[in-house]
Every structure is written in structure tokens, then in C-alpha cells.
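Report on one structure; see the data block that follows.
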Amino acid sequence: MSISLARVEAFLFRAEVKEPVKTSFGSIPLRSVLLLRVEDTDGAHGWGEVWCNFPPFSADNKMRLLETVICPAALSSTYLDPADAWHTLTARTHRWALQGAEPGPFAACLGGLDLALWDLTARRENKTLRALLNTQQALDAVPAYASGLNPDTAPETVARCREGGFRAYKVKVAFGADKDTRVVSSLAKDLRAGERLMVDANQGWDLVEARRMVPRLGAFGLGWIEEPIAADRPLSEWAELALLSPVALAGGENVMGYEGFSGLIGDGYHGVVQPDMLKWGGVTGAYAVGRRAVMAGRSYCPHWLGSGVGLLAAAQVLAAVGGPGMLEHDVMENPLREALGQPFPRVTNGAFPLPDGPGLGVEPDLQRSEEWLVTRAEYRAPKR
């Protein structure tokens, strides 16, 4: 059954938080969410989300891209399926992205649109997204870890998350050798049986510093060390760190394109592959990358830091891929996360249960989220 879109709605939300997300590249003082709602000519609908957590106001630019070029292009054609739409629109907008020097924002908008089309298709067929992707066997729950831990408040956050059902945690590092070592040592010492600890440097070290810190922090028995150096550093640097590290290296959220991920998986320096489907590729790209990563013996742990729509998308794709892998579950303050993904699943004994409803299995509560709504726009297909 083909897809012929009648309209696309975009909703931009922004919420103030008391504790910003703290990373080695800077802080995220606001939580922004850009949602898409697509509707076909038969009235079926689906939800998507566009990556926009950094810089803090990057969502405003993406709203304009949707309005001026992407939605008009998407609404002017009929597609065989969501993958056909993603490939078609990626090709059609390629020169525009180059001309505007904005391949990242274009890819993020197309990734969010791709998710919405997959959600629409699954709802139309009355299947969960994971069942639509994997008709043979898909998981009904996926392992999850608490992400985004601020090193300044990490012990308290771990205690809160442990109480909330988590059994794995990831703390931010690359704030100085002494501070990193002190925080990781303290958290590792207090882990309980069966719990895991990971660290995320957010590309925060150069090679000289990474040579020192990767072995030092890895000695605490970490699950992985994420993005110790910039994602675009030469393979020789990743190769060296992979040999120096006593634990797996992780990355992928800042990689784009099939060729980029094929190289990352094939080179073997990343034991943990972490694409962000709403930065690049949508469900179409992420599912392909996830399957390939697992086939190559890697762990597939999709990256996400946004609302419940994107979180459920990452969970559904991970469930379709299978394992090994874990779901990244942001646990820092964000009122939009749960309000925009109802009913919101709760982690239990380290696992994130997936809803049985069609598509993503959740709906944004627009009434509950109205106080954070900044902009809403609607785009309609031309008369055919």
C-alpha cells in the first residue's frame, strides 16, 4: 500500500530546567523538542521527532527548513513505503543541503519524517513498529541504561535511578583528569552486583589526553568508553586507543551515511555502535546499521536525548534488531520526555518494556504539553 501524504504538522516545544545537561563541549540549558505529525489521504497518522538538542535553538532553523523546502517536497509525491520516501527525499534534497551548507539539519529533518512515516505505516497495518520491521521475532523489552549523568550530582542520580529500576548508568567525563578519576572511582566502588557503569567523553580529549585517560578510566571495569576523541579523527588514532583500552570503545552518534557506518563497523575499533536515527537515517538507516553491527559481533546501543517519541523509536528499532545492545534512556530533568510519549513505559529490573499498541505505541499529550509549545505549523499537500 503506497503512502500519499495529505498534511504535515510541526510542533516546537521548549522547557526550562533547573539542572542543565553538562557535557565536555558545553551545557544544554533548555530542553527543546521538535515533533512531526504526518497524515495520509486516508486519515492515518504517525509521529516523528527531529533531533535538536544542541545548540539550544537549533530547532528554530529546522522549523524553517521544514516550512520552506522539506515539507513541500515531501507532500508533492507518492511513495511505495517509508524507505522509498527517505531515499527519494534524501536524493531530492541533496543539492539543497550542499548549497545551504546544512547537510546535518537536512538529515535530521528527513530522519524525523522517516520515523513518522514508519509509525504511520505500522499503525495502518495495526502492528507494533518492531513487528513491522522484524516479522520473525522482535523483543518485547530491551535492556536500558540511565544516561546523561552530571558528574557533579552523579551519586544522587544513580541512587534515584537505581530506585527507579535501572541497573546500568553512564556518567559524563572529560572535565579534567583528577575530577574524572574521582567521580568514576566513587561510582564504580558503589556499584551493586549485576550493575554496570559507562563513561561518555563527548569527543572531549585530544589523542595525548586520551592516551592517558582511556587506560586509567578503563581500569575501573567500565562497560565502555564513549567518544574519547572527535568522531572524525584519523583511523590511526582510533586504532591506537582501541589497543590501549581495557574496555570497548563506543561511538556513532556523530557519524552520517551508510559508508560512514560501514567503515566504523568494519574497522573494528568500536565495540559499541551508537547511531542516532534522528540525526541521520531515521528508522530506515538505523535498522540497517543495527543489523549490520550485530552481524559483525558489535553491540548496538542507539543514541537518543529528546522526548518520549524518539526514545520509543530507538527502543522499537533495538527490539527489532535484537541484541546485544542497550537503550540509552536520558534521566536528567526534562518534563517533555514523558508528556510527549504517553503512556510512558517504566524501567523495571534494568529493562524497558515496549507497549503493545500499533506503531510506536505512544501518543504525545498535546494538552499536557501546551505550556511549553513555542510554535506550531501545518503544511498541506497541493491538490492532485
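Here, each number is a calculation from the coordinates, and none is a lab measurement. Quantities reported herein were computed from a predicted structural model and do not represent experimental measurements. Cβ placement follows ideal geometry from the backbone for every residue including glycine, while neighbour counts extend to all protein chains displayed.
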For the chain, what is the calculated [θ] at 222 nm in deg cm²/dmol (nearest 500), taking -39500 (n - 2.57) for each run of four or more DSSP H residues and dividing by its residue count? -11000 deg cm²/dmol
Hey, any idea what the orientation-averaged projected area of the convex hull of segment 39-145's Cα atoms comes to, in nm²? 8.5
If I take every Cα pair under 8 Å that is 6 or more residues apart in segment 186-321, average their sequence separation and divide by the length, what percent do I get for the relative contact order? 17
Cut-off is 10 Å between beta-carbons; in what order do 208, 272, 17 appear when sorted fewest neighbours first? 208, 17, 272
Just need the relative contact order of segment 38-187 here, percent rounded to a whole number, with Cα pairs under 8 Å and 6+ apart. 24
Okay, which of segment 323-341 sit inside 13 Å, backbone N to the point 7 Å along the Cα-Cβ direction of residue 296? none
Kirkwood Rh, angstrom, segment 171-216 [1 / mean 1/r, Cα pairs]: 11.3
Aspartates and glutamates within cross-link reach of residue 383: Cα-Cα under 19 Å, excluding same-chain residues under 8 positions apart? 9, 39, 40, 42, 67
Quote the charge dipole size of segment 131-353 about the Cα centre in Debye, to the nearest 20; the model charges only the Cβ of Lys and Arg (+1) and of Asp and Glu (-1). 520
Please rank 243, 264, fewest neighbouring Cβ atoms within 10 Å first, as an exposure proxy. 243, 264
Could you check the spin-label model distance between residue 380 and residue 2? Points 7 Å from the Cα along Cα→Cβ, value in nm. 2.2
Taking other Cβ within 10 Å of each residue's Cβ, how do 25, 220, 352 sort, fewest first? 25, 220, 352
Which FRET efficiency, nearest 0.05, do residue 231 and residue 94 yield, Cβ-Cβ r, R0 25 Å? 0.70
Relative contact order %, the chain, counting alpha carbon pairs below 8 Å whose residues are six or more apart: 23
Relative to the Cα centre, what is the charge dipole magnitude of the chain, using +1 at the beta carbon of each Lys and Arg, -1 at the beta carbon of each Asp and Glu, and rounding to the nearest 20 debye? 220
